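*Asks:* Please see the structure below; I have some questions.
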Amino acid sequence: MDQDNPIYIKNATIYAEQEVIENGGLLLSHGKIAGIYSKQEPKQLPKEVQVINGEGLNIIPGFIDGHIHGAAGADVMDATEEALDTMASTLPKEGTTSFLATTITQSPEQIEQALMNVASYKNKPGQSDIIGVHLEGPFIEKGKAGAQPLEYIVKPDEKLFNKWQKLSGNNIKTITMAPEHDQNGSFIKRLTKAGINVSAGHTDTDYAGIKQAAAYGVRQLTHLCNAMSGIHHRDIGVVGAAFELEELRAELIADGIHVVPEMLQLIYQNMGSSRLLLITDAMRAKCLPPR
């Protein structure tokens with residue numbers, strides 16, 4: 001479609017921010033939404049408008065993936081423009097229009113290369129936009145490392161983080177860390193003050209630990225249920241904290257595998273939709289055919 005010419009999509013079901021509009025219309029002009037219409041078409045459409053019949057189709061906002069490592073054979077840690085291009089050109093096919101390029105625990109040199117690559121990367125028309133970096137690790141708990149390499153896990157280091165933030169071009173927007181390794185909360189407090197979204201993940205802390213971390217400034221949990229303490233009748237852990245502490249939102253991999261459907265239902269019943277962030281946490285195998 002030519003973004004220079006206006007486009008009007010009619011007869012579609014539109015999922016707007018606060019409502020679902022049946023048989024609605026959407027006017028696009030210069031690549032932006034110029035109007036949303038309920039049932040009735042606008043009185044006058046722009047000249048040279050392209051009309052598309054959206055009957056039987058849904059129009060939804062573009063997805064934002066706040067936690068994705070790779071797709072279509074490419075990975076953020078490849079630290080090349082080609083890798084980011086591959087990801088950014090693949091994701092719109094699934095409706096993802098922007099994402100946080102997510103790193104993994106690796107050597108400082110590898111992390112730095114990935115961060116500098118994002119800093120120099122330019123978003124391109126027709127591709128998903130990179131809107132920042134999610135630094136997953138290396139400040140995590142070894143006992144909940146998951147796929148994170150144990151040999152590169154380190155304690156929270158503000159000097160190191162500041163170096164990385166500078167190398168990234170101030171693009172680190174979210175950091176996943178284990179709050180139990182920030183005993184007095186100084187690391188969390190300083191990052192929060194700097195506007196960084198601190199997410200507790202790959203953590204073995206208990207309910208009290210997450211409650212204290214929330215008091216320091218943690219506002220998010222990384223891939224809820226995965227690589228964290230679960231609900232127990234003597235301590236409700238990190239998962240229980242997600243249910244109880246209204247100030248926390250939580251990432252969720254809702255594929256029915258990382259978290260089974262029954263648990264997904266339990267999470268939704270306790271948290272609703274407003275505090276849940278659907279993410280893929282995908283690696284380079286995403287979108288590749290079976291072998």
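*Asks:* About the Cα centre, and with charges only on the beta carbon of Lys, Arg (+1) and Asp, Glu (-1), how big is the dipole of region 39-88? Nearest 20 debye, please.
*Replies:* Around 580 debye, computed over region 39-88.
*Asks:* Another question, then. According to a simple spin-label model (label point 7 Å from Cα along Cα-to-Cβ), what is the distance in nm between Lys93 and Lys155?
*Replies:* According to this spin-label approximation, the distance is 4.6 nm.
*Asks:* Accessible area per residue, 1.4 Å probe, Å², for region 139-242: what's the number?
*Replies:* Value returned for region 139-242: 46 Å² of accessible area per residue.
*Asks:* Also, I was wondering about something else. Pulled fully out, how much extra length does the chain show between Lys163 and Asp85, if you take 0.36 nm times their separation in residues and subtract their Cα-Cα distance?
*Replies:* Between Lys163 and Asp85, full extension yields 25.5 nm more.
*Asks:* Quick check on the chain: of the DSSP beta bridges with both residues there, what percent are antiparallel, nearest 5%?
*Replies:* 30 percent
*Asks:* Rg and Dmax in Å for the chain, alpha carbons only: what are they?
*Replies:* 21.1, 67
*Asks:* For region 2-137, state what percent of all Cα-Cα pairs lands in each successive 5 Å bin, counting from 0 Å until the bin that includes the largest distance.
*Replies:* The calculated distribution, bin by bin, is 2, 10, 17, 17, 13, 11, 10, 9, 6, 3, 1, 0, 0.
*Asks:* Measure out, as a whole number of angstrom, how far apart the alpha-carbon centroids of region 183-231 and region 1-63 sit.
*Replies:* Using only Cα atoms, the two centres lie 41 Å from each other.
*Asks:* If you don't mind, another one. Which of the three applies to region 163-263, rounded, prolate or oblate, going by the alpha-carbon gyration tensor with a ≥ b ≥ c and a/c under 1.5 meaning rounded?
*Replies:* Judged from the Cα gyration tensor, region 163-263 comes out oblate (a/c at least 1.5, b/c at or above a/b).
*Asks:* Now a separate question. Using helices alone, I'd like the mean residue ellipticity at 222 nm for the chain: each DSSP H run of four-plus residues gives -39500 (n - 2.57), total over residue count, nearest 500.
*Replies:* The per-residue figure over the chain is -7000 deg cm²/dmol.
*Asks:* What's the extension gain from Ala254 to Lys43 if we count 0.36 nm per residue and subtract their Cα-Cα distance?
*Replies:* Gain in length upon complete extension: 71.8 nm.
*Asks:* I need the phi-derived Karplus couplings for region 30-37: 6.51 cos²θ - 1.76 cosθ + 1.60, θ = phi - 60°, integer Hz, Gly and Pro marked x.
*Replies:* 6, x, 10, 6, 9, x, 10, 10
*Asks:* With every protein chain in place, what's the accessible area of Met77 (1.4 Å probe, Å², nearest 10)?
*Replies:* Accessible surface of Met77 is approximately 40 Å².
*Asks:* Past 24 Å, Cα to Cα: identify those pairs from Lys47/Lys124; Lys93/Lys286; Lys122/Lys144; Lys163/Lys189; Lys10/Lys122; Lys10/Lys93, in the order given.
*Replies:* Flagged as over cut-off: Lys47/Lys124; Lys122/Lys144; Lys10/Lys122.
*Asks:* Please report, in cubic angstrom per residue, the volume enclosed by the convex hull of the alpha-carbon atoms of region 208-291.
*Replies:* For region 208-291, the hull spanned by Cα atoms encloses 114 Å³ per residue.
*Asks:* With all protein chains present, how much of the accessible area of the chain (probe radius 1.4 Å) comes from carbon and sulfur, to the nearest whole percent?
*Replies:* 50 percent
The values are calculated or read from the model by the stated rules, or taken from the named source; none is laboratory data. Here the structure is a predicted model, which means the values were calculated and not measured. Positions of Cβ are generated from backbone atoms using ideal geometry, with glycine treated the same way; all protein chains shown enter the neighbour counts. The accessibility values were calculated without ligands, DNA or RNA, using every heavy atom of the protein model including side chains. Shrake-Rupley method; radii C 1.70, N 1.55, O 1.52, S 1.80 Å.
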